[in-house]
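Asker: Sharing a structure, written as structure tokens. Questions coming.
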Amino acid sequence: SQGGIGLSTAAGVNNSVLRNRIHSNGGLGIDLGPFDGVTANDAFDSDTGPNNLRNFPLVLDADAGDGGTLVSGSYSGSSNQVYRLEFYADPSPDPSGHGEGRTFLGSLTVFQPSGTETITFEHLFPVEANPGSAVSGTATDQTGNTSEFGDGATVT
């Protein structure tokens, strides 16, 4: 919807949001909580709440060219867990500065080792994002808890 958020998970867990087109909202694309805005990431992602308040990935750089988009960044999740990180491009972030999901770039599976607070990633996706668009991502854990869209990077 253009005036509000795209999707809200006010309660419950294991709510997966995968490969969806969520964009053109006046608020967040995905909001974990009862319309409370961006839920900040926390170390080792050990809190509870809607979708266990899953942390979102941080996209630090996005470069497009030659038919693809190179995305790099970091993720902080719970130890000894596998995560599906999905990345999207949108002409602009939502009003909070966090991304939305107009164009699906692809997904990446990562493992968070024991005792490691943050992992880094770099992956070339076969979809070329438009220069100037915003690239952001979501994280989904092994039991299906999907995060909000993260703040992202502008495609160069």
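Asker: Given the criterion more than 15 Å from the chain's Cα centre (by Cα) and open to solvent by less than 50 Å² (accessible area, probe 1.4 Å), identify the matching residue among GLY152, GLY65, GLY73.
Answerer: Working: GLY152 fails: more than 15 Å from the chain's Cα centre (by Cα); GLY73 fails: more than 15 Å from the chain's Cα centre (by Cα).
Going through GLY152, GLY65, GLY73 in turn, just one is more than 15 Å from the chain's Cα centre (by Cα) and open to solvent by less than 50 Å² (accessible area, probe 1.4 Å): GLY65.
Asker: As an exercise: evaluate VAL17 against (1) over 20 Å from VAL127 (Cβ atoms); (2) modelled with pLDDT under 85 and give the number of the one condition it does not meet.
Answerer: All conditions pass for VAL17, except number (1).
Asker: OK, next. Filter segment 88-108 down to residues that are surrounded by fewer than 24 Cβ atoms within 10 Å (Cβ to Cβ), at pLDDT 80 or above and either closer than 23 Å to SER78 by Cβ or touching a Gly at 6+ places or on another chain (Cβ under 7 Å) (or both), then give me how many there are.
Answerer: Selection size over segment 88-108: 3.
Asker: Of all residues in segment 22-40, which are open to solvent by 40 Å² or more (accessible area, probe 1.4 Å) and either in contact with a Lys or Arg (Cβ under 6 Å, 6 or more places away or on another chain) or not in a loop (DSSP other than H, G, I, E, B) (or both)?
Answerer: Applying the first criterion (open to solvent by 40 Å² or more (accessible area, probe 1.4 Å)) to segment 22-40 yields 23-24, 34-36, 38, 40.
Selection gives HIS23 alone.
Asker: Please count how many residues of segment 41-60 are open to solvent by 50 Å² or more (accessible area, probe 1.4 Å) and at positive phi.
Answerer: Of the residues in that region, 1 qualify.
Asker: Could I ask something else about it? What are the residues in segment 107-118 that are within 15 Å of the chain's Cα centre (by Cα) and not polar (S, T, N, Q), if any?
Answerer: If the condition is that a residue be within 15 Å of the chain's Cα centre (by Cα) and not polar (S, T, N, Q), then LEU108, VAL110 are the ones that fit.
Asker: Could we say that THR120 is open to solvent by 20 Å² or more (accessible area, probe 1.4 Å), part of a loop (DSSP other than H, G, I, E, B) and of a type outside the set (Phe, Trp, Tyr) here? Full working, then the answer.
Answerer: On the way: open to solvent by 20 Å² or more (accessible area, probe 1.4 Å): yes; part of a loop (DSSP other than H, G, I, E, B): no; of a type outside the set (Phe, Trp, Tyr): yes.
Spelling it out, it is not the case that THR120 is open to solvent by 20 Å² or more (accessible area, probe 1.4 Å), part of a loop (DSSP other than H, G, I, E, B) and of a type outside the set (Phe, Trp, Tyr).
Asker: Hey, another quick one. Would segment 130-141 turn up any residue that is open to solvent by 30 Å² or more (accessible area, probe 1.4 Å) and within 15 Å of the chain's Cα centre (by Cα)?
Answerer: Initially, segment 130-141 is screened for residues open to solvent by 30 Å² or more (accessible area, probe 1.4 Å), giving 130-132.
Narrowing the set further to residues that are within 15 Å of the chain's Cα centre (by Cα) leaves none.
The answer is no; no qualifying residue exists.
Asker: Quickly run through segment 59-110 and pick out the residues that are among the charged types (D, E, K, R), within 12 Å of SER136 (Cβ to Cβ) and in a strand (DSSP E or B). Even if it seems obvious, please write down each step before you answer.
Answerer: Within segment 59-110, the subset among the charged types (D, E, K, R) is 61, 63, 66, 84, 86, 90, 94, 100, 102.
With within 12 Å of SER136 (Cβ to Cβ) added as a condition, the list becomes 86, 90, 94, 100, 102.
Scanning segment 59-110 gives GLU86, ASP90.
Asker: Here are PHE125, PHE111: which of them is open to solvent by 20 Å² or more (accessible area, probe 1.4 Å) and out of contact with any His (no Cβ under 9 Å at 6 or more places or on another chain)? Reasoning before the result, please.
Answerer: Working: PHE125 fails: open to solvent by 20 Å² or more (accessible area, probe 1.4 Å).
That would be PHE111, the only listed residue that is open to solvent by 20 Å² or more (accessible area, probe 1.4 Å) and out of contact with any His (no Cβ under 9 Å at 6 or more places or on another chain).
The values are calculated or read from the model by the stated rules, or taken from the named source; none is laboratory data. For clarity, every value in this text was computed on a predicted model and none was experimentally measured. Cβ sites come from the backbone with ideal geometry, for glycine too, and all protein chains shown count toward neighbours. Accessible surface is based on the protein model in full, side chains and every heavy atom, while ligands, DNA and RNA are left aside. Shrake-Rupley method; radii C 1.70, N 1.55, O 1.52, S 1.80 Å.
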